[in-house]
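Comments concern the structure below.
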Amino acid sequence: MARLRDCLPRLTRAIRSLLFWSLVYCYSGLCASVHLLKLLWSIGKGPAQTFRRVAREHPPACLNDPSLGTHCYVRIKDSGLRFHYVAAGERGKPLMLLLHGFPEFWYSWRHQLREFKSEYRVVALDLRGYGETDAPIHQENYKLDCLITDIKDILDSLGYSKCVLIGHDWGGMIAWLIAICYPEMVIKLIVINFPHPNVFTEYILQHPAQLFKSSYYYFFQIPQFPEFMFSINDFKALKHLFTSHNTGIGKKGCQLTTEDLEAYVYVFSQPGALSGPINHYRNIFSCLPLKHHMVTTPTLLLWGEKDAFMEVEMAEVTKTYVKNYFRLIILSEASHWLQQDQPDIVNKLIWTFLKEETRKKD
């Protein structure tokens, strides 16, 4: 009996792990089947259109707009990777580091680069695998530990020990992890449309609606097929994310211009440009939930209520993981792409948070 009691906890963990990975792989297969049907439907309607791709050799002018800042590169000694970023504001000012989501790159922060350069050295980074930043080939090079270390090493390379850290979507996930693992590096934390990682992990298993909204996490577990599906019909899926009624910027938002949209398509249409970003997601199920999860940094969470990918209820639960000043602001008419959708309001809210005194919870 004693030996049985000793074995029970290990057996329970093994069964839970088996059920968890069964769910992951079964749902991944289901999502892949749905996309395969979409592909077959598209081919049936027009094979020439399905496999059409416009050659894009030169970047749109907006990507070299000098009002946004200067294009810079830094090579990290330990990993050997070269990172691209756009910086605005004078060197020596406090650092504001901006981490984009998927499928985005530094350009998603164009409104913030212009806004905050008066008082900050604003750095909008291309994350590992994105844009002009190096993209390692192997999936294991995109584990969360690697992504966290990237941010720490970049701060060191820029000559800073701490920063105001702002992250959106997947960049918000990384921002939470930096605040958890290296709280001394983060003066203030601002996250846009992404809950605390543990909230996300627990919520998705308990709410089928969120499981459905996060189906792309599971679809991305399939090798190569997601990259292919994003590229067909001249990257129609990518354009759809930003412009459709369901997932795009809201009707009352600051719509993307034709040139803005072309900037996104240009970056992700480069050879191999989709594999790195999607590889970020291919390690997530082996990394969550977190063992250490409390945030001790003053935190602002901004949320677009019309987010098609994240249920707003997760934002409310997030405050239980922040053992410091926490402020949640939900914008009722805003989409998932909040800093592009409502840039004036977002910038004003960030300014208010940066300038106010924040006191730690008792």
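Can you tell me how many residues in the range 52-69 are in a loop (DSSP other than H, G, I, E, B) and open to solvent by 80 Å² or more (accessible area, probe 1.4 Å)? Steps first, answer last, please.
First, the residues of the range 52-69 that are in a loop (DSSP other than H, G, I, E, B): 52-60, 65, 69.
Filter once more, so that each one left must be open to solvent by 80 Å² or more (accessible area, probe 1.4 Å): 52-53, 55, 57-58.
Of the residues in that region, 5 qualify.
Okay, residues lined up against (1) open to solvent by less than 60 Å² (accessible area, probe 1.4 Å); (2) at pLDDT 95 or above:
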site: Thr201; (1), (2): yes, no
site: Pro208; (1), (2): no, no
site: Phe228; (1), (2): no, yes
site: Lys239; (1), (2): yes, yes
site: Leu256; (1), (2): yes, no
site: Val265; (1), (2): yes, yes
site: Ser269; (1), (2): yes, yes
site: Ser275; (1), (2): yes, yes
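Please go through the range 319-348 and pick out each residue that is under 28 Å from His245 (Cα atoms), in contact with a strand residue (DSSP E or B) (Cβ under 8 Å, 6 or more places away or on another chain) and buried (at least 18 other Cβ atoms within 10 Å of the Cβ).
Leu331, Ala334, Ser335, His336, Trp337, Leu338, Gln339, Asp341, Gln342, Val346
Might you let me know whether the range 171-181 holds any residue that is buried (at least 19 other Cβ atoms within 10 Å of the Cβ) and not in a helix (DSSP H, G or I)?
no
For Tyr120, state whether it is open to solvent by less than 40 Å² (accessible area, probe 1.4 Å) and at pLDDT 95 or above. Break it down stepwise before answering.
On the way: open to solvent by less than 40 Å² (accessible area, probe 1.4 Å): yes; at pLDDT 95 or above: yes.
Against the criterion (open to solvent by less than 40 Å² (accessible area, probe 1.4 Å) and at pLDDT 95 or above), Tyr120 qualifies.
Just to be sure, is Pro103 assigned to a loop (DSSP other than H, G, I, E, B), in contact with a Leu (Cβ under 9 Å, 6 or more places away or on another chain), of a type outside the set (Lys, Arg) and open to solvent by 20 Å² or more (accessible area, probe 1.4 Å)? Break it down stepwise before answering.
On the way: assigned to a loop (DSSP other than H, G, I, E, B): yes; in contact with a Leu (Cβ under 9 Å, 6 or more places away or on another chain): yes; of a type outside the set (Lys, Arg): yes; open to solvent by 20 Å² or more (accessible area, probe 1.4 Å): no.
No: the conditions fail for Pro103.
Taking the range 107-161, which residues are within 18 Å of Ala175 (Cβ to Cβ), acidic (Asp, Glu) and over 16 Å from the mean Cα position of the chain (by Cα)?
Correct list: Asp153, Asp156.
Do any helices (runs of 4 or more DSSP H) lying entirely in the range 205-304 carry at least 1 residues that are of a type in the set (Ser, Thr, Tyr), and which ones are they?
Values: elements: 208-213, 215-219, 225-243, 258-268, 275-279.
Result: 215-219, 225-243, 258-268, 275-279.
Please enumerate the residues belonging to the range 70-86 that are crowded, with 21+ Cβ neighbours inside 10 Å and among the aliphatic types (A, V, I, L, M). Give the steps one after another, and end with the answer.
Taking the range 70-86 as the starting set, the residues that turn out to be crowded, with 21+ Cβ neighbours inside 10 Å are 83, 85-86.
Hit for the range 70-86 is Val86, nothing else.
Taking the condition of being under 29 Å from Ile345 (Cβ atoms) and touching a residue at least 60 places away in the same chain (Cβ under 8 Å), how many residues in the range 228-250 meet it? Reasoning before the result, please.
Pass one, the range 228-250, residues under 29 Å from Ile345 (Cβ atoms): 237-250.
If we keep only those that are touching a residue at least 60 places away in the same chain (Cβ under 8 Å) too, we end up with 238, 241-242, 246-250.
Residues meeting the conditions: 8.
Kindly establish whether Arg282 is basic (Lys, Arg), modelled with pLDDT under 95, surrounded by 15 or more Cβ atoms within 10 Å (Cβ to Cβ) and out of contact with any Ser or Thr (no Cβ under 8 Å at 6 or more places or on another chain). Explain how you work it out, then say what you get.
On the way: basic (Lys, Arg): yes; modelled with pLDDT under 95: yes; surrounded by 15 or more Cβ atoms within 10 Å (Cβ to Cβ): yes; out of contact with any Ser or Thr (no Cβ under 8 Å at 6 or more places or on another chain): yes.
Considered against the rule, which asks whether it is basic (Lys, Arg), modelled with pLDDT under 95, surrounded by 15 or more Cβ atoms within 10 Å (Cβ to Cβ) and out of contact with any Ser or Thr (no Cβ under 8 Å at 6 or more places or on another chain), Arg282 comes out as yes.
The values are calculated or read from the model by the stated rules, or taken from the named source; none is laboratory data. None of these values were measured; they are calculated from a predicted model. Cβ atoms come from the backbone with ideal geometry, glycine included; neighbour counts cover every protein chain shown. SASA here: full protein model, heavy atoms, side chains in, ligands and nucleic acids out. Shrake-Rupley method; radii C 1.70, N 1.55, O 1.52, S 1.80 Å.
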